[in-house]
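The values are calculated or read from the model by the stated rules, or taken from the named source; none is laboratory data. Owing to the predicted nature of the structure, the values given are computational and were not obtained by experimental measurement. Heads up, the Cβs are rebuilt from the backbone with ideal geometry, glycines too, and the neighbour counts pull from every protein chain shown. When the accessible area is computed, the model is the full protein with side chains, heavy atoms only, and any ligands, DNA or RNA have been set aside. Shrake-Rupley method; radii C 1.70, N 1.55, O 1.52, S 1.80 Å.
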Amino acid sequence: MAKLPETNERHVIAVLVDNEFGVLARVIGLFSGRGYNIESLTVAEVVSEEAESLSRITIVTTGPKKIIEQIKALLNRLVPVHQVRDMTDEGQFVERELALIKVAGSGEKRVEALRMAEIFRSRVVDATPKSFVFEITGTPAKIDSFIDLMKPLGLSEVSRTGVTAISRGLEKIGD
């Protein structure tokens, strides 16, 4: 019987690391050295009474289950890593991204862009007579949908932060 090909799965992985020079480069090097793709990467210092000098790296990657397990094992072996959490495997979590989207246009297209922004609960953070900059937060799929709707209305530039995620309930990274 022929073996079925493994399907790619999207995983959101949170990594708690020492906040020191070169740690991010080591994490990225782990991915690039093995040809693994990073779809999204965010890093921020952890603010906590118990956790001093720590940062949280949120990585979104896609691959077969076997590769995801290998990524987690390799991350756990890096010296500055304190904890690796696969948010996707652990259960429910909240995931958000922020984007700034510039739309240039006039007349009816300008009015339609404002109407769409209102539907998506986006807000205007900059306006000129010829363009708007919208700020939108939500899931990556919501942001993708908004961008698709803005393309025919004069989309000229997009800047995205990348995904950040946190587990639901009382459990937290570092426990």
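Comparison of Val46, Val12, Val23, Val27 shows that the only residue that is under 22 Å from Ile173 (Cα atoms), modelled with pLDDT under 90, surrounded by 13 or more Cβ atoms within 10 Å (Cβ to Cβ) and out of contact with any His (no Cβ under 9 Å at 6 or more places or on another chain) is Val46. Of the residues Lys102, Lys65, Lys3, which is modelled with pLDDT of 95 or more and open to solvent by 50 Å² or more (accessible area, probe 1.4 Å)? None of the other options fit; the residue is Lys102.
Taking the criterion of being crowded, with 17+ Cβ neighbours inside 10 Å and within 18 Å of the chain's Cα centre (by Cα), the residues of the stretch 124-146 that qualify are Ile136, Gly138, Pro140, Lys142, Ile143, Phe146. The residues on offer are Ile71, Ile57, and the sole one that is in contact with a strand residue (DSSP E or B) (Cβ under 6 Å, 6 or more places away or on another chain), among the β-branched types (Val, Ile, Thr) and open to solvent by less than 30 Å² (accessible area, probe 1.4 Å) is Ile57. How do the pairs read when you match residues in the stretch 19-31 that are aromatic (Phe, Trp, Tyr) with residues anywhere that are open to solvent by 70 Å² or more (accessible area, probe 1.4 Å) and not in a helix (DSSP H, G or I), using Cβ under 9 Å and keeping only pairs 6 or more apart or on different chains? Pairs that qualify, where the first residue is aromatic (Phe, Trp, Tyr) and the partner is open to solvent by 70 Å² or more (accessible area, probe 1.4 Å) and not in a helix (DSSP H, G or I), are Phe31/Asn37. Can you go through Arg77, Arg96 and tell me which one is of a type in the set (Lys, Arg), open to solvent by 70 Å² or more (accessible area, probe 1.4 Å) and either within 24 Å of Pro140 (Cβ to Cβ) or at pLDDT 95 or above (or both)? Just one listed residue meets the conditions, Arg96.
Yes/no per residue for (1) touching a residue at least 60 places away in the same chain (Cβ under 8 Å); (2) in a helix (DSSP H, G or I); (3) of a type in the set (A, V, I, L, M):
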{"site": "Ala117", "(1), (2), (3)": "no, yes, yes"}
{"site": "Ala127", "(1), (2), (3)": "no, no, yes"}
{"site": "Glu135", "(1), (2), (3)": "no, no, no"}
{"site": "Ala141", "(1), (2), (3)": "no, yes, yes"}
{"site": "Glu157", "(1), (2), (3)": "no, no, no"}
{"site": "Lys172", "(1), (2), (3)": "no, no, no"}
